[in-house]
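Here the structure is laid out as structure tokens; the discussion comes afterwards.
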Amino acid sequence: MKNKSSKYVMEDQLRILENIKEVEAPSQLYSQILRKIENKKNEFVSPKWILMAAAMIIILISFNIKLIDSKKDSSKSDFDVLFMIKSQNTFSYE
């Protein structure tokens with residue numbers, strides 16, 4: 001019986017990699033990669049956009065807090081009203 005543990009299954013699949021042949025990379029590839037990295041360093045986000053995003057986040061958070069606070073007050077009053085009124089559906093044995 002052949003052992004089907006994950007170790008042996010993985011070894012079978014990795015044997016395919018033994019047939020891969022090495023290839024020479026183009027000589028200008030390294031310089032292209034370095035150039036792209038340098039171009040990314042020069043890109044930055046404007047401080048104006050950062051401030052606008054921060055202001056929007058603060059506005060959304062304060063709006064959510066106000067909404068939750070107002071919901072909490074109205075649900076509390078509904079809850080109080082619900083339990084202050086007792087139902088008259090009681091059985092009496094007279």
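Details
- Furthest towards positive pole of dipole, A55, I37, Q13, structure part the stretch 1-61, Cβ charges: A55
- Under Karplus coefficients 6.51, -1.76 and 1.60, residue-wise ³J(HN,Hα) of the stretch 52-61 in Hz, glycine/proline x: 5, 5, 5, 5, 5, 5, 5, 5, 5, 5
- Each residue of the stretch 6-16 was assigned a 3J(HN,Hα) from its phi angle through the Karplus expression (A = 6.51, B = -1.76, C = 1.60, θ = phi - 60°), giving 5, 5, 6, 5, 5, 4, 4, 6, 6, 5, 4 Hz with x at Gly and Pro.
- Sparsely packed loop sites in the stretch 11-52 (the GluC sites (Glu not before Pro) outside DSSP H, G, I, E and B with at most 16 other Cβ atoms within 10 Å) comprise E22, E24, E43.
Each value in this text was obtained by applying a stated rule to the coordinates, not by laboratory testing. Here the structure is a predicted model, which means the values were calculated and not measured. All Cβ positions, even for glycine, are placed from backbone atoms using ideal geometry, and neighbour counts span all protein chains on display.
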